[in-house]
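Since the structure comes first, as structure tokens, the remarks are kept for the end.
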Amino acid sequence: MKNFIFDVDRTLFDSCAIEKETLQNSLLKVTGKTIDKETIDKLSVLTTKEFFSLINIDINSNIMKEINYYWDKYLKETKIELFPGIEEQLLFLKENNCLLAIATSRTKEEFKELSEFSKIENLFTCIITSDMVKNPKPDPESILKIINDLSLDKRETIYIGDSFSDYLASKKASVKFAYASYDNRNSTNEYDYLLKNVTDISKLIYKK
């Protein structure tokens, strides 16, 4: 593999724990109830609709709007950090003449919230946010835009992400998919390569 396209949340950035913590705080603020850890952990394996259905909240309700308001507020106030070892993995790829790019579901404004990205920004040739395409993931448009704009060989290109949506996008783009499972339990069982640890990323160079 020579071309590495990355998702951002729960792939480069350790956002899962922050998402759970800020959601717990938002639910407590709005409902006055504390959600137990076992339940909140299911946020990693369920869709948004499924999770809120589990805790008996209608995603179209006014309560949900209020929860989303505080959840967004708390997330913006919290620093999200890179996974330990990610910077070293990316440097290894660059030293081995690999191209690095990003295709994320975040918008440009949401991407700016990741202050830690400045540490690795210069390593990436291309960054595509969801508002730069008509059809975000699971549509393959963002991945294909990178491939087409940079004239990449799909056979040498891999997409690394954390969800079934990422898997679908990569498959529709006809590239291999590596599942970043190191912070996401059972998010998807569909992948070409399983990354159990951050250090598994560099090993993809030798995959076909």
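A compact table of results
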quantity: Residue match in region 144-151 (condition: at pLDDT 95 or above, more than 27 Å from Ser26 (Cα to Cα), surrounded by 13 or more Cβ atoms within 10 Å (Cβ to Cβ) and among the hydroxyl-bearing types (Ser, Thr, Tyr)); calculated: no
quantity: Conditions (1) in contact (Cβ under 8 Å) with a residue 60 or more places away in the chain; (2) part of a helix (DSSP H, G or I); (3) under 15 Å from Phe6 (Cα atoms); (4) touching a strand residue (DSSP E or B) at 6+ places or on another chain (Cβ under 8 Å): number failed by Ser170; calculated: (1)
quantity: Filter result for the condition that a residue is surrounded by fewer than 16 Cβ atoms within 10 Å (Cβ to Cβ) and free of Cβ contacts under 8 Å to residues at least 24 places away in the same chain, over Asn97, Asn122; calculated: Asn122
quantity: Unique match (being under 21 Å from Thr78 (Cβ atoms), of a type in the set (D, E, K, R) and at pLDDT 90 or above) among Glu141, Glu121; calculated: Glu121
quantity: Near pairs, Cβ below 8 angstrom, 6+ apart or cross-chain, from region 102-118 (of a type in the set (Lys, Arg)) to any residue that is outside any loop (DSSP other than H, G, I, E, B) and loosely packed, with under 15 Cβ neighbours inside 10 Å; calculated: Lys108/Asp131
quantity: Filter result (among the basic types (Lys, Arg), touching an Asp or Glu at 6+ places or on another chain (Cβ under 8 Å) and in a helix (DSSP H, G or I)) within region 1-36; calculated: Lys20
quantity: Single condition Lys76 does not satisfy, out of (1) in contact with an Asp or Glu (Cβ under 7 Å, 6 or more places away or on another chain); (2) modelled with pLDDT under 90; (3) over 24 Å from Ser165 (Cβ atoms); calculated: (3)
quantity: Flag if Ala178 is crowded, with 22+ Cβ neighbours inside 10 Å, touching a helix residue (DSSP H, G or I) at 6+ places or on another chain (Cβ under 9 Å), among the hydrophobic types (A, V, I, L, M, F, W, C) and assigned to a strand (DSSP E or B); calculated: yes
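The values are calculated or read from the model by the stated rules, or taken from the named source; none is laboratory data. Being a predicted model, the structure only gives us computed values, none of them experimental. In this analysis, Cβ positions are derived from the backbone assuming ideal geometry, glycine residues included, and neighbour counts consider all displayed protein chains.
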